[in-house]
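First comes the structure, then the notes that go with it.
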Amino acid sequence: MSNYRVAHRYATALLESAKDEQQLETIAHDAELIGKTVRENRELRVALASPVIEKEKKKRILVELFQKKVGQVTYKFLDLLVEKDREGVLLDIVKEFTHLLDHRRGIMRVEVGSAVPLADGARKQLQQQLEMYTGKKVILDFRIDPTLLGGFAVRLEDRIIDASIIHQLELLREKFLEGSHVEKR
């Protein structure tokens, strides 16, 4: 089974548990903490994904890291992942949980790459335009992309809006090439 399918199945189960236990906000906070911890700690990711490390050792690692920092439902969920040998996809599960929760709340996370940091006014204007375009509340994640000469590129889930200078020049080049193949009368 693919990592996405596994992550989706477990994230859906966690979301349903959160709703059933009326702890959606608590578990959302826990998921954010777990995701941040795992993303920032390469050794932890390697240990969780390793088939050589025994389940009990992985459980002890998770106990030490999270038992006093997350709620009971989240902690039991982490224990279940280790029991089912799914701890290696923990980061994917957290990411999918966040995606499902955002969808439920009408939120879309959008990545924006630009050559230089965008001014606050441009950021707000871009956010407003994207909210009108998507019909959802948009949370922007800005990143500097040194491969862009200017402009920006926006990633909306599986769509990309490329307003970079490189893309505009490529479109212009294609138009010139199309025009050079037209016969003159």
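The values are calculated or read from the model by the stated rules, or taken from the named source; none is laboratory data. Only a predicted model underlies this, so the values are computations on that prediction, with no experimental measurement involved. All Cβ positions, glycine included, derive from the backbone under ideal geometry; neighbour counts span all protein chains shown. Accessible surface is based on the protein model in full, side chains and every heavy atom, while ligands, DNA and RNA are left aside. Shrake-Rupley method; radii C 1.70, N 1.55, O 1.52, S 1.80 Å.
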For this session: Mind checking which of Q129, T37, L91 is farthest towards the positive end of the stretch 1-140's charge dipole, using Cβ charges of +1 (Lys, Arg) and -1 (Asp, Glu) about the Cα centre?
Result: Q129
For this session: Can you give me the P(r) profile for the chain? Cα pairs, bins 5 angstrom wide beginning at 0, each as a whole percent.
Result: 1, 7, 13, 14, 13, 12, 11, 10, 7, 5, 3, 2, 1, 1, 0, 0, 0
Exercise. Can you give the accessible area of R109, probe radius 1.4 Å, in Å² rounded to 10?
Worked result: 130 Å²
Problem set entry | Cα Rg, Dmax, the stretch 120-179, angstrom units | 13.8, 42
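Quick one: Cα convex hull volume of the stretch 86-167, Å³ per residue? Walk me through the numbers before you get to the answer.
Details: hull volume 9.1 nm³, N = 82.
Expressed per residue, the convex hull around the Cα atoms of the stretch 86-167 is 111 Å³.
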For this session: Enter the angle in degrees (range 0 to 90, nearest 10) between the Cα long axis of helix 72-83 and the first principal axis of the Cα atoms of the chain, meaning the one along which they spread out most.
Result: 90 degrees
Exercise. How high is the FRET efficiency between E56 and L140 when r is their beta carbon distance and R₀ equals 35 Å, given to the nearest 0.05?
Worked result: 0.25
Exercise. So what is the 222 nm mean residue ellipticity for the chain from helices alone, if each DSSP H run of at least 4 adds -39500 (n - 2.57) and you divide by all residues, rounding to the nearest 500 deg cm²/dmol?
Worked result: -20000 deg cm²/dmol
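Rank these residues by their accessible area, most exposed first, probe 1.4 Å: E64, E32, E96, E56. Each step should come with its number before you reach the end.
On the way: E64 160, E32 130, E96 20, E56 105 Å².
I get E64, E32, E56, E96, largest accessible area first.
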Exercise. Gaussian network model of the chain, Cα springs within a sub-10 Å range: biggest mean-square fluctuation belongs to which of D120, D30, D92?
Worked result: D120
